[in-house]
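Below is one structure, written out as structure tokens; comments come after it.
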Amino acid sequence: MGFAGLAAAIAAPAIALAQPADLFFERTVMTAADSRCGLFTPEVSSALAAGAAQARGAALRAGSDPRSLQVVERNARARAAQIDCASPLVASQAARIRMAFAGYQRVTRMVYPGDLTEWRADRGVGRSARWRLSQSADFGSNRMIFGLAGRQDVQSALVAVAGFSDKATPYSARLVMRDTQRTLGPYLLGGRQPLSRKLPPASATRAWFAEARGGAEAELLPKGYGGGWAFRFPNTAVQALSELDPREAVAVEFLFAGGRTRTAYVEVGDFAAGRAFLQLASR
């Protein structure tokens, strides 16, 4: 049934136990079986979702075609629809995954490598502001940290914090990404391209303006910066970012008086997997 190795896979951040597409199939089978049979608690279900998202991202970066992964997902869900929820095999594999989860739930930090950069996830506790899921980017002589930030017991927000070497003050910021409603897929040229080449033409993008601006809290500043600006984007942008191809990039444009713009780029990577990892801590 393709369940072999699932218990180890859920607990391991690295996808090295099988081919990524195989792991995506296995994790999707168990996720669908859980939805049908009620095998796991919400915490374990969230962990499986994170694992499936990570496996899908790894498969895409390894060269799998998105359409072929859609077929893999359909086959996995069809397989799960055929299982006997009361079978000893399903009960055994579910028990192994629950046991593996006991170790997984103690993990508070994860690193999700991408093609050119990485996401860092932190679901630790603490009352001070912290980055929950972040990626750093240098642009010119400036530096930005982008991702989900917040305090304990407060929903994290999508934030860009930037420090400017010349102490410049942007009046706003804009997050630009591919519009999935107007395109059939990502615009990728192939090979190891810079992030700036992984966005579609302007006519195929959508943008969110920051809904708030303020001085950045010290805990969120890029290393070496004594001050900077924080921009908060709408919650709708979080879901839109989660739905992009992990090989894509998005742009954060900082807007200055006189029509000047400075742009930083972020790799989509395993943002969706990191977000699922964080959601486990809120349950």
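The values are calculated or read from the model by the stated rules, or taken from the named source; none is laboratory data. Only a predicted model underlies this, so the values are computations on that prediction, with no experimental measurement involved. Backbone-built Cβ (ideal geometry, glycine too); neighbour counts: all protein chains shown.
Among the acidic types (Asp, Glu) and surrounded by fewer than 14 Cβ atoms within 10 Å (Cβ to Cβ) - does that describe any residue in region 73-83? No, because not a single residue in region 73-83 is among the acidic types (Asp, Glu) and surrounded by fewer than 14 Cβ atoms within 10 Å (Cβ to Cβ). Restricting attention to region 140-187, the residues that are in contact with an Asp or Glu (Cβ under 9 Å, 6 or more places away or on another chain) and among the β-branched types (Val, Ile, Thr) add up to 3.
This table checks each residue for (1) in a loop (DSSP other than H, G, I, E, B); (2) under 21 Å from the mean Cα position of the chain (by Cα); (3) crowded, with 19+ Cβ neighbours inside 10 Å.
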site	(1), (2), (3)
Thr183	yes, yes, no
Tyr187	yes, yes, no
Pro200	yes, yes, no
Gly214	no, no, no
Ala230	no, yes, yes
Gln239	no, yes, no
Gly258	no, no, no
Val266	no, yes, yes
Ala273	no, yes, yes
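Can you name the residue in region 1-40 that is of a type outside the set (A, V, I, L, M), closer than 23 Å to Phe271 by Cα and not in a helix (DSSP H, G or I) and is also modelled with the highest pLDDT among such residues? Of everything passing the filter in region 1-40, Gln19 is modelled with the highest pLDDT. Entry remark, region 143-155: residues being surrounded by fewer than 21 Cβ atoms within 10 Å (Cβ to Cβ) and either in contact with a helix residue (DSSP H, G or I) (Cβ under 6 Å, 6 or more places away or on another chain) or not hydrophobic (A, V, I, L, M, F, W, C) (or both) number 5 in total. Across region 241-256, which residue is nearest to Asn142 (Cα to Cα) among those that are among the aliphatic types (A, V, I, L, M) and within 21 Å of the chain's Cα centre (by Cα)? Step by step, filter region 241-256, then rank; the result is Val252. Scoring Arg67 on the criteria (1) modelled with pLDDT under 90; (2) assigned by TED's automatic domain parsing to the domain that holds Glu243 leaves a single failure, condition (2). Using the structure shown, decide if Ala249 is buried (at least 22 other Cβ atoms within 10 Å of the Cβ), assigned by TED's automatic domain parsing to the domain that holds Arg127, in contact with a Pro (Cβ under 9 Å, 6 or more places away or on another chain) and of a type outside the set (Val, Ile, Thr). It is true that Ala249 is buried (at least 22 other Cβ atoms within 10 Å of the Cβ), assigned by TED's automatic domain parsing to the domain that holds Arg127, in contact with a Pro (Cβ under 9 Å, 6 or more places away or on another chain) and of a type outside the set (Val, Ile, Thr). Whenever a residue of region 215-238 is in contact (Cβ under 8 Å) with a residue 24 or more places away in the chain, its partners that are among the charged types (D, E, K, R) and assigned to a helix (DSSP H, G or I), lying with C-beta atoms within less than 8 angstrom and at least six residues away or across chains, give the pairs Val238/Arg275. Starting from residues that are over 25 Å from Leu158 (Cα atoms) and among the polar types (S, T, N, Q), keep the ones in region 74-123 and report whichever is modelled with the lowest pLDDT. Looking at the filtered set, the residue picked out is Gln93.
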